[in-house]
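Reading through the structure tokens given below for one structure.
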Amino acid sequence: MAGKPTSSAAQIGRGADAAWEAVASAIAGIGIGYLLDRWLGTAPWLLLGFMLLGCVAGFRRLLRLAQTANPPPSSAAADDAGSDAERDPQRDPQRDPQRDPEGREP
């Protein structure tokens, strides 16, 4: 019985899936354009337009996959670490000098 795919195997699978989706989008665009051109007698304009539309859709899908696979660093990671003021009350520039380090009134 096969186990859970490893991280690299899962990434390869997602990449192959995205490549097939990009190719399928272009082929679907070509097919739709060809059929509409035959029906309407506008060859080759609808074929070219739908081919371009299919390629754009496939490329957009690849970009989305790349963004989800490698998300940009967010400010949430910085918030989890906490600021210097949260870790050390002495370094807090907003701290009232009339209060002791524990934040109590004198």
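Each other residue within a Cβ distance under 14 Å of G31 adds +1 if Lys or Arg and -1 if Asp or Glu, for a net charge of 0. Relative to the globular-protein estimate of 2.2 N^0.38 Å, the Cα radius of gyration of segment 18-66 stands at 1.20.
Dividing the mean sequence gap of close Cα pairs (under 8 Å, 6+ apart) by how many residues segment 18-66 holds gives a relative contact order of 49 percent.
Quick note: the coordinates plus some simple rules give every number you see, no bench work behind them. Every value quoted in this text rests on a predicted model; they were computed, and no experiment measured them. As a convention, Cβ positions derive from the backbone with ideal geometry for all residues, glycine included, and neighbour counts pool all protein chains shown.
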